[in-house]
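The values are calculated or read from the model by the stated rules, or taken from the named source; none is laboratory data. Predicted model, so just to flag it, every value in this text is computed and none were measured. Quick reminder, even Gly has a Cβ in these numbers, built from the backbone with ideal geometry, and neighbours come from all protein chains shown. Protein only, heavy atoms only, side chains kept; ligands, DNA and RNA dropped before computing areas. Shrake-Rupley method; radii C 1.70, N 1.55, O 1.52, S 1.80 Å.
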Amino acid sequence: MALKVKAQEKLQKIGTHAGKYRYIMMPELYTSLSQDKVIKEAALRSGVSKGIMQACWDAAGEVIKAWATEGHSVALPGLGTMRFGLRAKSVEKVDEVKAGLITSRRIIFTPAVELKDELAGTAIQITCYDRDGKEVKRVTSTDSGDVEDPENENQNGGSSNSSQTGGGLPEEGD
């Protein structure tokens, strides 16, 4: 199994490369798996009936929700932990503290080391598309790391050891 990434050639509108076309990488989104499909697969893997798995799934969800809303960081088996958090404006004086300062409530997920290691070891497949949506190249993480350089085909066997993709995977802050 591999993570699928697309690199789409897009016109940059801001930043140091504004007005230039650059390849921007982003994860390919898969379809959402239904709860029913997950429960069926978990029942199959565990050898328990779908009904029992459904009851356990529902109970675990209720326990996680109850404990997390009480302020606990709750373990999610094989995944990590989740907890609720918030963002709020700061104030200078204690008399100014009020619930209206809270700007958002959030769910914070902290992945387990094993999950991070699994992700780090998962192959990557990148499909490159030009500005018209035409596929122009495929790259996998099993490649040597060299990047094709059509302008220097006669040098280094058609490869260059330096690369710039013009972007990266979007990072989401906590």
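Quick check: is even one residue across the range 63-71 within 21 Å of Thr110 (Cα to Cα), open to solvent by 50 Å² or more (accessible area, probe 1.4 Å) and in contact (Cβ under 8 Å) with a residue 12 or more places away in the chain?
Within the range 63-71 (the criterion being within 21 Å of Thr110 (Cα to Cα), open to solvent by 50 Å² or more (accessible area, probe 1.4 Å) and in contact (Cβ under 8 Å) with a residue 12 or more places away in the chain), the answer is yes, since at least one residue qualifies.
Quick check, is Met25 open to solvent by 100 Å² or more (accessible area, probe 1.4 Å), in contact (Cβ under 8 Å) with a residue 24 or more places away in the chain and not basic (Lys, Arg)?
When the stated conditions are applied, Met25 does not pass them.
Identify, from the list Ala75, Ala42, Ala59, the residue that is touching a helix residue (DSSP H, G or I) at 6+ places or on another chain (Cβ under 8 Å) and closer than 29 Å to Arg106 by Cβ.
After applying the criteria, what remains is Ala42.
Give the residues of the range 28-43 that are over 28 Å from Ile124 (Cβ atoms) and either open to solvent by less than 100 Å² (accessible area, probe 1.4 Å) or modelled with pLDDT under 95 (or both), sorted by residue number.
Taking the range 28-43 and keeping what is over 28 Å from Ile124 (Cβ atoms), we get 35-36, 39-40, 43.
Residues satisfying the conditions are Gln35, Asp36, Ile39, Ala43.
Considering each residue of the range 73-120, count those that are under 19 Å from the mean Cα position of the chain (by Cα), open to solvent by less than 70 Å² (accessible area, probe 1.4 Å) and not polar (S, T, N, Q), and give that number.
So the answer is 9.
Quick one: Val113 ticks every box in (1) farther than 25 Å from Tyr30 by Cβ; (2) at pLDDT 90 or above except a single one, so which number is it?
So the condition that Val113 fails would be (1).
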